[in-house]
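Contents: one structure, followed by commentary.
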Amino acid sequence: MPTPADVWAAFDAMRQQGPLVQNITNYVAMDLSANALLAAGASPAMVHAREEAADFAGIAGAVVVNIGTLSPSWVESMHDAARVARERGTPWVLDPVAAGATSYRTKTAAELLELNPTVVRGNASEILALAGAAGSGKGVDSTDASSAAVDAAADLAGRTGGVVAVTGDVDVVTDGTRTVRVTGGDPMMAKVTAMGCAASAIVGAFLATADEPLLATVCALAVFGLAGERAAVGSPGPGTLRWRLLDELYTLNERAVISGVRLS
Amino acid sequence: MPTPADVWAAFDAMRQQGPLVQNITNYVAMDLSANALLAAGASPAMVHAREEAADFAGIAGAVVVNIGTLSPSWVESMHDAARVARERGTPWVLDPVAAGATSYRTKTAAELLELNPTVVRGNASEILALAGAAGSGKGVDSTDASSAAVDAAADLAGRTGGVVAVTGDVDVVTDGTRTVRVTGGDPMMAKVTAMGCAASAIVGAFLATADEPLLATVCALAVFGLAGERAAVGSPGPGTLRWRLLDELYTLNERAVISGVRLS
Amino acid sequence: MPTPADVWAAFDAMRQQGPLVQNITNYVAMDLSANALLAAGASPAMVHAREEAADFAGIAGAVVVNIGTLSPSWVESMHDAARVARERGTPWVLDPVAAGATSYRTKTAAELLELNPTVVRGNASEILALAGAAGSGKGVDSTDASSAAVDAAADLAGRTGGVVAVTGDVDVVTDGTRTVRVTGGDPMMAKVTAMGCAASAIVGAFLATADEPLLATVCALAVFGLAGERAAVGSPGPGTLRWRLLDELYTLNERAVISGVRLS
């Protein structure tokens, strides 16, 4: 079981190294993902053209693939980049946004799953849809409690050989054997678009500079949730929350992390 | 004539139901539109790929089509989604951004108009261009006063059988027979990009949960304008205004709506 | 050597005229670029479809081409718009984002350079890559000090017959003969995505309303840097900095410009 001190050590190492994180992500999430990566200390690159996606995956420290806004040419780039990442042992994250909502989305996510993502991060509906269980997907918002998807996550992790994270009120991270719960965040975070996508991007940054995917994922989600939780204090609404979250990712220090992170 | 109490009732009903609103909108507007929908209480989905746009229109409570950043494949998706919406009786909104500025834009907007949008929302230049009158379109900013476009709006509503809203200093909403004016907002709102697009998205949310398109449009624009007006108080500039608007959409309560909305 | 009074005069003239600036820019930068242009007093249009890019370049006061997120059809639009701009004597700006990072990017930037951009604005890595010198490009962040790229910039300006600006701790602007340094900004600006892209957009606005490209570029960068410098005061992190920068672009007055701008 990782400790808050482990979280701080992983965060500090990431900030020191400032890893280059390639994102093939949706149009809505690009802004928040890039800004969250910069604020946290990483170096984002939004590179998705088929002409360069594979090239870039060869120099990135991690690759984040997010299917939020899909088109056939982007799906090809996602495959190219994920394939290069797998071949080179570069960690890559799959964010199966709204899997289950349309057949195109579910099929795309399932095909990417074949390329063994280091980490899959989604909400309960998305993880259930991916695992083939019956989710009640309604757009990109989760309508299932995270806990209901825990079995599906473990099953999925068994299939990919990687880590699966189900985020929600409590985040559950599993590699099929070990399971860690991260408590934190704030319900108002669900009122800001692309929060989950930004969390996936931060997972990518931690994966790039940590040896162990389960630990990296737990640490990333703990830091992101803590930043959101702190940002929500005194925020009248989601507009304020969004920019304060970036300030928190930038200013979080050892004391705040050690005293604020809650793992179980 | 709707009353401020009607506006509150429509807003409250929308928040209770949290409708799923599909947006095929421009790259610049996606962020603000999605965040405005979330803050107001709806559930946004940005789904525009031809492979899934029609599918998704089948499950959405409303569809918002915005031609701000065009490409041929997106235009096809717009037609697909609008056609499904029309067939199923799902309300859909057309936002003819910068119609009149290039022939491609004017042609695209005119073709979508054939699919009988439930509501068309634009500024005076755009509505004039769409109605075939001579606008002096200059990018996406309106250079005609809203009032000049009122006749064009009524004419357009007669052609589509739907509602047409001309937004500006005063918003004018008409179904060709009845006309309602919504006073509110703040001039600084014009200094934030995609404000009109976000207003269109909010119209979509209200359409999804109201029976009557004219009423829904008036209520949506009244709520959006009030949020902007309140957000502008004490804002030194458009940067602050933008996030405060989201906070206001999230926190607006009955008292604020009843005392703040001005219809005539 | 321009004076702070020249900067104010150019800014004031730009605000009076509110030029229409066409941007073919990347997905991440669209939001901040459009909002920065609006806040500063210009009229942005994000028009990149091949069906209308050339048309629109014919009516724009300036064209800004940014290769941040590339795809083949957009590259064609970039060429179309730049060609129209050159033919008509409309100023156009090239922002060679991450040139040097992939061969696709470097090749695209080099080809656009053949169309004689009025201004090229990049960080040191990008300018070095473009000039054929050896940059150590790492994503979109600069890893070379601006000063190292000054020779490359002068060389490049000689080749295009235009102006080249290398932005960093100190911005260096040259037409190959004259060189002006602009001191300002804040290191935290590098923690907000698309800041450089927004600076390029503002250069476009000033070019549209000034006679002299070197002066226009110096004035634009001085105003943008000053806005960022003032926004950083008291900002706890990059989230706050971003919206305050927009407020500053909107509120900057003669006194602030005269007392704050530092040129050498």
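Does region B:115-123 contain any residue that is within 14 Å of chain C (Cβ to nearest Cβ) and either in contact with a strand residue (DSSP E or B) (Cβ under 8 Å, 6 or more places away or on another chain) or touching a residue at least 12 places away in the same chain (Cβ under 8 Å) (or both)?
Narrowing region B:115-123 to residues within 14 Å of chain C (Cβ to nearest Cβ): B:123.
Right, trim to either in contact with a strand residue (DSSP E or B) (Cβ under 8 Å, 6 or more places away or on another chain) or touching a residue at least 12 places away in the same chain (Cβ under 8 Å) (or both) and you get B:123.
Yes: region B:115-123 contains one or more residues that are within 14 Å of chain C (Cβ to nearest Cβ) and either in contact with a strand residue (DSSP E or B) (Cβ under 8 Å, 6 or more places away or on another chain) or touching a residue at least 12 places away in the same chain (Cβ under 8 Å) (or both).
State which residue is least open to solvent (accessible area, probe 1.4 Å) when the search covers only region C:168-191 and only residues that are away from every other protein chain (no Cβ under 14 Å) and of a type in the set (D, E, K, R).
Residues of region C:168-191 that are away from every other protein chain (no Cβ under 14 Å), as a first pass: C:168-185.
Next, only the ones that are of a type in the set (D, E, K, R) stay: C:169, C:171, C:175, C:178, C:181.
On the way: C:169: 136, C:171: 23, C:175: 40, C:178: 110, C:181: 93 Å².
If we take residues in region C:168-191 being away from every other protein chain (no Cβ under 14 Å) and of a type in the set (D, E, K, R), then C:171 is least open to solvent (accessible area, probe 1.4 Å).
Filter region B:2-25 down to the residues that are facing chain A (nearest Cβ under 10 Å) and under 16 Å from residue A:68 (Cβ atoms) and list them by number.
Hits for region B:2-25 are B:20, B:21, B:22, B:23, B:25.
Residues checked against (1) closer than 16 Å to residue B:122 by Cα; (2) touching a Phe, Trp or Tyr at 6+ places or on another chain (Cβ under 9 Å):
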site: B:195; (1), (2): yes, yes
site: B:200; (1), (2): yes, no
site: B:204; (1), (2): yes, yes
site: B:207; (1), (2): no, yes
site: B:230; (1), (2): no, no
site: B:234; (1), (2): no, no
site: B:238; (1), (2): no, yes
site: B:250; (1), (2): no, no
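Name every residue in region B:161-194 that is within 14 Å of the chain's Cα centre (by Cα) and farther than 30 Å from residue B:234 by Cβ, in order of residue number.
The answer is B:162, B:163, B:164, B:174.
Just the residues that are at pLDDT 90 or above, in a loop (DSSP other than H, G, I, E, B) and within 21 Å of residue A:60 (Cβ to Cβ), please, taken from region C:108-139.
C:123
Residue under question is residue C:145, and the condition is that it be more than 19 Å from residue C:9 (Cα to Cα) and at pLDDT 95 or above; does it hold?
On the way: more than 19 Å from residue C:9 (Cα to Cα): yes; at pLDDT 95 or above: no.
For residue C:145, the condition - more than 19 Å from residue C:9 (Cα to Cα) and at pLDDT 95 or above - is not met.
Tell me which residues, restricted to region C:192-250, are crowded, with 23+ Cβ neighbours inside 10 Å and of a type in the set (Lys, Arg).
The answer is C:242, C:244.
Quick test of your reading of the structure: residue A:9 fulfils all but one of (1) surrounded by 22 or more Cβ atoms within 10 Å (Cβ to Cβ); (2) without any contact (Cβ under 8 Å) to a residue 40 or more places away in the chain. Name the failing condition by number.
Status for residue A:9: all satisfied but (1).
Test residue B:51 against the criterion of being open to solvent by 10 Å² or more (accessible area, probe 1.4 Å), within 9 Å of chain A (Cβ to nearest Cβ) and not hydrophobic (A, V, I, L, M, F, W, C), and give yes or no. Full working, then the answer.
Values: open to solvent by 10 Å² or more (accessible area, probe 1.4 Å): yes; within 9 Å of chain A (Cβ to nearest Cβ): yes; not hydrophobic (A, V, I, L, M, F, W, C): yes.
So residue B:51 passes the test.
Residue check, residue A:98 against (1) closer than 28 Å to residue A:252 by Cα; (2) crowded, with 24+ Cβ neighbours inside 10 Å, all met but one. Which one?
(1)
Could you list, in sequence order, all residues of region B:68-86 that are more than 9 Å from chain C (Cβ to nearest Cβ) and in contact with a Lys or Arg (Cβ under 8 Å, 6 or more places away or on another chain)?
B:73, B:76, B:77, B:80, listed by residue number.
Run down B:28, B:75 and say which single residue is in contact with a strand residue (DSSP E or B) (Cβ under 6 Å, 6 or more places away or on another chain) and within 25 Å of residue B:126 (Cβ to Cβ).
Numbers: B:75 fails: in contact with a strand residue (DSSP E or B) (Cβ under 6 Å, 6 or more places away or on another chain).
Testing whether each residue is in contact with a strand residue (DSSP E or B) (Cβ under 6 Å, 6 or more places away or on another chain) and within 25 Å of residue B:126 (Cβ to Cβ) leaves just B:28.
Within the bounds of region B:157-167, is there any residue that is assigned to a helix (DSSP H, G or I), more than 12 Å from every other protein chain (Cβ to nearest Cβ), more than 21 Å from residue A:243 (Cα to Cα) and among the aliphatic types (A, V, I, L, M)? Break it down into steps so the answer makes sense when it comes.
Going through region B:157-167, the residues assigned to a helix (DSSP H, G or I) turn out to be B:157-160.
Narrowing the set further to residues that are more than 12 Å from every other protein chain (Cβ to nearest Cβ) leaves B:157-160.
Going one step further and asking which of them are more than 21 Å from residue A:243 (Cα to Cα), we end up with B:157-160.
Filter once more, so that each one left must be among the aliphatic types (A, V, I, L, M): B:157.
Within region B:157-167 (the criterion being assigned to a helix (DSSP H, G or I), more than 12 Å from every other protein chain (Cβ to nearest Cβ), more than 21 Å from residue A:243 (Cα to Cα) and among the aliphatic types (A, V, I, L, M)), the answer is yes, since at least one residue qualifies.
The values are calculated or read from the model by the stated rules, or taken from the named source; none is laboratory data. Not measured: the values here are computed from a predicted model. Every residue, glycine among them, receives a Cβ derived from its backbone with ideal geometry; neighbour counts consider all protein chains shown. Accessible surface is based on the protein model in full, side chains and every heavy atom, while ligands, DNA and RNA are left aside. Shrake-Rupley method; radii C 1.70, N 1.55, O 1.52, S 1.80 Å.
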